[in-house]
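Q: Following this message is one structure expressed as structure tokens.
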Amino acid sequence: MDPSSLKPSLLKNILVRFLSFGVLIFAVRFAFLVAISGQSCSVGDDFCLFNVRHTSSFAVQSDKRYIHYYASVFQDLIAYGYLSPNSKSLCIETLTGEEVQALKRIGVLDSVGIPKRASRKLPFKGNTFDFEFSSGLEGYRFPVELGSEICRTLKPGGFLVVHLTVKDAYSFQSFLDLFDCLRLIRSRETDGPDPSTKIQEIVMKKEKQKQSSLGNNNNSELRREIIRNAEPLIEQEPLKPWITLKRNIQNIKYLTSMVGISFKRKYVYIDVGARSYASSIGNWFKKQYPKQNKNFEIYAIEADKAFHEEYKAKKSVKLLPYAAWIRNETLFFEITRDPKGKSMGMQRGRGMGRIHPVQSSASYVDDVDKIQGFDLAEWLKSVVGERDFVVMKMDVEGTEFHLMPRLIETGAIYLIDEVFLECHYDRWQKCCPGQRIPKYHNTYRQCLDLFTSLRARGVLVHQWR
């Protein structure tokens with residue numbers, strides 16, 4: 001081969017390698033700048049990915065209609081004294097920066113914005129901003145953490161203004177509960193960027209920390225309003241309860257079909273008396289309960305050791321192999337049978353179990369085990385809080401007449417947003433016309449009184465099968 005023909009190829013290879021090395025050096029330097037400066041995004045930085053003063057490409061692409069809309073919004077806020085040209089301002093969850101451009105257009109020059117991000121922290125020091133604004137909080141992954149960050153970064157006396165599309169009072173109150181440090185100043189319905197869309201404009205001011213809202217008057221009235229929209233209770237005792245109560249499930253108005261649940265820290269389902277996985281977790285909650293695309297933590301509370309092995313394969317379910325009770329103590333777990341010797345409520349060859357603080361001498365008791373009982377109310381208060389969305393199903397063979405008063409007494413009942421309660425009474429037997437189930441001493445009227453009293457206290461409770 002002619003050596004002269006190799007020269008162009010050799011020069012070409014050298015040039016390609018040189019250019020590749022130059023690109024690599026630039027990429028490393030850029031990554032270093034992003035890591036050091038871009039993530040800090042402090043006001044006044046020379047390099048900040050989210051400062052509109054240095055993102056002219058955003059301005060080119062921005063819709064002038066949106067800039068004009070937000071400029072009008074901010075001018076109105078200036079007129080009311082919530083914003084001033086000297087306000088150090090932050091726009092949270094801005095997608096393309098129109099809000100920041102609008103602020104600068106009307107003379108609020110010290111303004112920055114941050115887009116949607118996975119981090120739970122805002123990259124700013126405490127007490128930095130006089131004014132914070134957002135129109136994109138409804139899709140935020142960590143609303144409670146963001147509420148704390150807004151309280152941290154907003155100066156005392158500073159204002160937060162948010163645009164939301166919430167339409168129900170429950171969602172609105174859930175949003176307000178995100179902020180320990182803010183007081184509601186104003187809420188009004190107004191036009192959105194698209195005139196055909198109405199939005200809620202909320203103005204809040206940073207003040208001292210609020211008191212707990214657990215069971216307060218505002219939340220109590222909100223709960224009662226929801227209950228007024230719930231399905232009615234069955235007033236008359238069913239002659240065929242195994243049919244009537246099962247059909248009643250089709251009439252249930254789920255809370256999540258009436259309100260939005262976006263502004264919650266976490267979502268929890270607690271099955272008290274879970275029995276097998278398919279009993280209610282698998283066949284009802286997983287398949288039928290409307291979850292609004294939220295991922296729920298699931299707890300199965302089941303004292304019967306016959307079902308414990310099954311839950312080892314259910315990684316999404318946390319099993320508590322104890323009996324829900326009013327205090328921590330050893331109990332007797334009794335498997336019952338009818339007077340003819342057949343197990344009652346047979347499932348997988350085992351009857352329904354009841355718990356007692358002392359061993360029973362009743363003739364219908366088949367097997368007796370000693371089990372550990374735990375204080376359900378205190379456990380609940382240690383696991384969930386006011387900002388969580390909690391659903392509970394309870395089927396505990398008559399123990400509800402002990403557990404519900406305890407939940408009310410401790411206030412833990414108000415941590416539960418929705419309850420599905422099976423109340424056990426001396427119902428008519430399917431097998432034996434004219435005969436009632438002997439193991440329950442409560443009447444249907446007592447069950448109805450329990451449901452009625454819970455709803456009167458603002459607890460959304462449904463009659464379970």
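Q: Suppose we filter GLN292, GLN236, GLN250 for residues that are on the phi > 0 side of the Ramachandran plot and not in a strand (DSSP E or B); which single one remains? Full working, then the answer.
A: On the way: GLN236 fails: on the phi > 0 side of the Ramachandran plot; GLN250 fails: on the phi > 0 side of the Ramachandran plot.
None of the others qualify; the one that does is GLN292.
Q: Something else: Any residue at all in region 380-391 that is farther than 24 Å from TYR322 by Cβ, of a type in the set (Lys, Arg) and assigned by TED's automatic domain parsing to the domain that holds LYS305?
A: yes
Q: In this structure, is GLY273 crowded, with 17+ Cβ neighbours inside 10 Å, at pLDDT 95 or above and either farther than 26 Å from GLY139 by Cβ or touching a His at 6+ places or on another chain (Cβ under 9 Å) (or both)?
A: Yes.
Q: To continue, here is another question. Is it true that LEU239 is of a type in the set (A, V, I, L, M, F, W, C) and farther than 16 Å from HIS462 by Cα?
A: yes
Let's see how each residue does on (1) β-branched (Val, Ile, Thr); (2) at pLDDT 75 or above; (3) out of contact with any Gly (no Cβ under 7 Å at 6 or more places or on another chain):
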{"position": "PHE333", "(1), (2), (3)": "no, yes, no"}
{"position": "ASP338", "(1), (2), (3)": "no, no, yes"}
{"position": "LYS342", "(1), (2), (3)": "no, no, yes"}
{"position": "GLN347", "(1), (2), (3)": "no, no, yes"}
{"position": "HIS356", "(1), (2), (3)": "no, no, yes"}
{"position": "SER360", "(1), (2), (3)": "no, no, yes"}
{"position": "ASP375", "(1), (2), (3)": "no, yes, yes"}
{"position": "TRP379", "(1), (2), (3)": "no, yes, yes"}
{"position": "ASP395", "(1), (2), (3)": "no, yes, no"}
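Q: What residue, of LEU160, LEU178, LEU182, is closer than 24 Å to ALA71 by Cβ, touching a residue at least 24 places away in the same chain (Cβ under 8 Å), crowded, with 19+ Cβ neighbours inside 10 Å and among the aliphatic types (A, V, I, L, M)? Give the steps one after another, and end with the answer.
A: Values: LEU178 fails: closer than 24 Å to ALA71 by Cβ; LEU182 fails: closer than 24 Å to ALA71 by Cβ.
Only one candidate qualifies: LEU160.
Q: Counting only residues that are of a type outside the set (A, V, I, L, M, F, W, C), within 23 Å of SER279 (Cβ to Cβ) and free of Cβ contacts under 8 Å to residues at least 12 places away in the same chain, give me the strands (runs of 3 or more DSSP E) lying completely in region 362-465 with at least 1 of them. Steps first, please.
A: On the way: elements: 365-375, 389-394, 418-421, 461-463.
Because the criterion is at least 1 residues that are of a type outside the set (A, V, I, L, M, F, W, C), within 23 Å of SER279 (Cβ to Cβ) and free of Cβ contacts under 8 Å to residues at least 12 places away in the same chain, no strands (runs of 3 or more DSSP E) in region 362-465 meet it.
Q: Going by the conditions given, is GLU297 among the acidic types (Asp, Glu) and within 19 Å of the chain's Cα centre (by Cα)?
A: yes
Q: If we keep just the residues of region 260-289 that are without any contact (Cβ under 8 Å) to a residue 12 or more places away in the chain and of a type in the set (Gly, Ala, Ser), which is farthest from GLU309 (Cα to Cα)?
A: Within region 260-289, the match that is farthest from GLU309 (Cα to Cα) is GLY282.
Q: Further question: If you go through region 117-134 one residue at a time, do you hit one that is hydrophobic (A, V, I, L, M, F, W, C), out of contact with any Pro (no Cβ under 8 Å at 6 or more places or on another chain), over 29 Å from GLU225 (Cβ atoms) and surrounded by fewer than 16 Cβ atoms within 10 Å (Cβ to Cβ)? Working first, answer last.
A: Taking region 117-134 and keeping what is hydrophobic (A, V, I, L, M, F, W, C), we get 118, 122, 124, 129, 131, 133.
If we keep only those that are out of contact with any Pro (no Cβ under 8 Å at 6 or more places or on another chain) too, we end up with 118, 122, 124, 129, 131, 133.
In the following step, the residues that additionally are over 29 Å from GLU225 (Cβ atoms) were identified as 118, 122, 124, 129, 131, 133.
In the following step, the residues that additionally are surrounded by fewer than 16 Cβ atoms within 10 Å (Cβ to Cβ) were identified as 118.
Yes, that holds for at least one residue.
Q: Further, regarding this structure: TYR70 versus (1) out of contact with any strand residue (DSSP E or B) (no Cβ under 7 Å at 6 or more places or on another chain); (2) at pLDDT below 95; (3) under 22 Å from ARG186 (Cα atoms): which is the lone unmet condition?
A: That leaves (2) as the condition not met.
Q: For region 101-157, name all the residues that are in contact with a Lys or Arg (Cβ under 8 Å, 6 or more places away or on another chain) and either assigned by TED's automatic domain parsing to the domain that holds PHE389 or among the small types (Gly, Ala, Ser) (or both).
A: Passing the criteria: SER111, ALA118, GLY126, GLY136, GLY139, GLY157.
Q: Can you tell me which of VAL390, VAL396 is more than 17 Å from ARG223 (Cα to Cα) and surrounded by 21 or more Cβ atoms within 10 Å (Cβ to Cβ)? Working first, answer last.
A: Details: VAL390 fails: more than 17 Å from ARG223 (Cα to Cα).
On inspection, the qualifying residue turns out to be VAL396.
The values are calculated or read from the model by the stated rules, or taken from the named source; none is laboratory data. Predicted, not measured: the structure shown is a model, and the values here were computed from it. So basically every Cβ, Gly included, is an ideal-geometry build from the backbone, and we count neighbours across all protein chains shown.
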